[in-house]
Amino acid sequence: MSAITGPAHRTEVPKLPHSPGNGMDDEWFLKLYKGNELVPWDTGKAQHSVVEAFEQGLFTAPVIDLGCGFGTNPIFLGSKGLEVTGIDLSPEAIAEAQTRLAAAGAPATENVSFKAGSVLDLADIFSGRKPFQSALDSALYHCLDDATQEKYLAALHKQMSSGAKLVLCAMSDRNPAENWKGPRRISEAAIRHSLREELGWRVDSVDMDTRYEVPKEVSDSVTELQAGFGWALLAVATRL
Ligand SMILES: C[S@@+](CC[C@H](N)C(=O)[O-])C[C@H]1O[C@@H](n2cnc3c(N)ncnc32)[C@H](O)[C@@H]1O
C-alpha cells in the first residue's frame, strides 16, 4: 500500500462533486485519498459533535465508526477507553488512520482497530463478531444516494444489538440550496424516514443546530459554508 501524502502537504481544496440529490461516487473518495488535494473534512481532530455525544454518554463499547476517514473520531473515543472499530472504503485513508493511531499512543492503540471495506459489506467483514453496542456515522450517510442509504442502514442494523445507539451527523438543509456542491443536504424528515420504526429504529432526537467542522481552507473557498463548518443535524436513534 502506498504511503499517503501527509496533511501538511495537501493544500489545494478539491472540487466537490455536484450532488444535490445523488450520492457521491465511491471512485471520488478513492481518488481523493490517493491524490494530493486537501481532504475537505480533515480538521485533524475529533468533531465537536462527537466529543459532545461522548460526554452525554451516548457511546457504549464496542463502537463501530462507519466511514471513519483518517480515524480522528475513533482515536478520540479510544483515547477515552472505548473499544472502537473504524471502517472506511479507502485503504489509503485507513493507512493514514493507522499512522495517526500509532502517534496517539496508549490507551487509544489498545482500543482502536481499523478495517478497509465498504459499509455495504458489513455482514462479510464482521461475520462471527459480537454485535456493536453503538455506532457513529460522522458524515457518511449524507454521501450516499437513497437506495445505498437504505442498504447501508439495513446492513448496520444487523451488526448492532437491540437497544444499541446510532449517532449520526449529516450536513443539513439549513445550508443554502443555491450553488451547494458536495454532500446531500439532509432534512429532519429525511433522517426520520430512514430511521423509521418499521425498519427497526426509533429516533430519540434530532438536533438541527449542529456543526460539521471543516478545515478553514475549505470554508474560505466555499462561500455556502460558514466559517469553519457547515450546518448539520445530529440524529440519535435506538436500534430496536
Ligand atoms: C465526509 S467523509 C467523513 C470522514 C469521517 N467520518 C469524518 O467525519 O472525519 C466520508 C467518508 O466515508 C467514506 N465512505 C464513502 N462511502 C463508503 C462506503 N460505502 N463504505 C465505507 N466508507 C465509505 C469515505 O471514504 C470518507 O472517508
remark   = Considering residues that are aromatic (Phe, Trp, Tyr) and either assigned to a strand (DSSP E or B) or within 13 Å of the chain's Cα centre (by Cα) (or both), the number found within region 39-68 is 1
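One residue is enough: does region 172-185 have a residue meeting the conditions more than 25 Å from Lys130 (Cβ to Cβ), in contact with a strand residue (DSSP E or B) (Cβ under 8 Å, 6 or more places away or on another chain) and among the aliphatic types (A, V, I, L, M)?
The answer is no, given that none of the residues of region 172-185 is more than 25 Å from Lys130 (Cβ to Cβ), in contact with a strand residue (DSSP E or B) (Cβ under 8 Å, 6 or more places away or on another chain) and among the aliphatic types (A, V, I, L, M).
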inquiry  = Please pick out the residue among Arg174, Arg185 that is closer than 26 Å to Ala46 by Cα, surrounded by 13 or more Cβ atoms within 10 Å (Cβ to Cβ) and under 16 Å from the mean Cα position of the chain (by Cα).
reply    = Arg185
task = Check region 17-32 and report whether any residue there is of a type in the set (A, V, I, L, M, F, W, C), at pLDDT below 95, near the ligand (Cβ under 8 Å from one of its atoms) and not in a helix (DSSP H, G or I).
result = yes
request  = Using the structure shown, decide if Pro176 is touching a residue at least 12 places away in the same chain (Cβ under 8 Å), away from the ligand (no atom under 15 Å from the Cβ) and not aliphatic (A, V, I, L, M).
outcome  = yes
message = Out of Asp121, Asp88, I need the residue that is free of Cβ contacts under 8 Å to residues at least 40 places away in the same chain and under 16 Å from the mean Cα position of the chain (by Cα). Which one?
response = Asp88
remark   = Taking region 106-134 and keeping only residues that are over 30 Å from Asn36 (Cβ atoms), surrounded by fewer than 23 Cβ atoms within 10 Å (Cβ to Cβ), within 16 Å of the ligand (Cβ to nearest atom) and among the small types (Gly, Ala, Ser), one is left with Ala123
message = Suppose we keep only residues that are surrounded by 14 or more Cβ atoms within 10 Å (Cβ to Cβ), acidic (Asp, Glu) and at pLDDT 95 or above within region 205-229. Which one would you say is nearest to Val13 (Cα to Cα)?
response = Glu213
Identity of the residue in region 136-165, within 14 Å of the ligand (Cβ to nearest atom) and in a strand (DSSP E or B), that ends up surrounded by the fewest Cβ atoms within 10 Å (Cβ to Cβ) = Asp137
Residue that is surrounded by the fewest Cβ atoms within 10 Å (Cβ to Cβ), among those in region 47-105 that are among the acidic types (Asp, Glu) and either within 14 Å of the ligand (Cβ to nearest atom) or under 15 Å from Val236 (Cβ atoms) (or both) = Glu55
query = If only one of Ser134, Ser127, Ser138 is at pLDDT 95 or above and more than 18 Å from Lys165 (Cα to Cα), which one is it?
reply = Ser127
query = Which residue pairs have Cβ atoms under 7 Å apart, sit 6 or more places apart or on different chains, and have a first residue in region 50-70 that is touching a residue at least 24 places away in the same chain (Cβ under 8 Å) and a second that is within 14 Å of the ligand (Cβ to nearest atom) and aromatic (Phe, Trp, Tyr)?
reply = Val50/Phe76; Val51/Phe76; Cys68/Phe114; Gly69/Trp41
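The values are calculated or read from the model by the stated rules, or taken from the named source; none is laboratory data. Worth saying up front: this structure is predicted, and the values here are computed from it rather than measured. Positions of Cβ are generated from backbone atoms using ideal geometry, with glycine treated the same way; all protein chains shown enter the neighbour counts.
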